[in-house]
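The values are calculated or read from the model by the stated rules, or taken from the named source; none is laboratory data. Note that the coordinates shown come from a computational prediction; the quantities given were computed from them, not determined experimentally. All Cβ positions, even for glycine, are placed from backbone atoms using ideal geometry, and neighbour counts span all protein chains on display. Side chains included, ligands, DNA and RNA excluded: accessible areas come from the protein's heavy atoms. Shrake-Rupley method; radii C 1.70, N 1.55, O 1.52, S 1.80 Å.
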Amino acid sequence: FFSSRRRHTRYISVTGVQTCALPISILVSLTAPAAPVITSVGAFNSARPTISGRAEAGSRVALLEGSATLGSVVVPASGVWSIVPASAFAVGAHSLTATATDLSSNLTGAASDPVSIVIDLTPPTAPVISPVAPTRQRRPAVTGTAEPGSSLALSDGGTLLGRVTVLNDGSWTV
């Protein structure tokens, strides 16, 4: 009567004082949506970060840590979803997955590949600026050390001189 993943229009008759036929539209989905993709990875300085990804438009995505559901959302037409977990994460590493369920809520797709996030609520220590030797250069290189992976902005008074991400060995140069 209906085929998979197609929109069907059927007519129903309503009898009363008058008889009329009304069209109804039915979407039949016999195939689970593809596994969602989580695009938010890395370190966050918030215990409730926004986690984003891509999935089939119209499906319901659930964000999971293990078997615990952290939140869910219906994916808009763009296919891009985001969820802010209802509860705060503990500081440290977390492994997340996502599942997608079709509009009729009876077919759950495969889980996404797991992604790792790290919740780091401790601000980095103050960076260290290495001594700058006298020079005739208008923009000498300024170097130093700071927490690896942190973002550093170097300024002179209110003038921004440069931004840099600190290297894995803790060094930086602007």
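Numbers for the structure displayed
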{"item": "Top-ranked residue of the stretch 62-86 - restricted to ones that are within 14 Å of D113 (Cα to Cα) and assigned to a strand (DSSP E or B), ranked as least open to solvent (accessible area, probe 1.4 Å)", "result": "L63"}
{"item": "Matching entry among P148, P127 (being without any contact (Cβ under 8 Å) to a residue 24 or more places away in the chain, under 28 Å from S46 (Cα atoms), surrounded by 11 or more Cβ atoms within 10 Å (Cβ to Cβ) and not basic (K, R))", "result": "P148"}
{"item": "Hits in the stretch 28-47 (condition: surrounded by 15 or more Cβ atoms within 10 Å (Cβ to Cβ) and out of contact with any Lys or Arg (no Cβ under 8 Å at 6 or more places or on another chain))", "result": "A32, P33, A35, I38, S40, F44"}
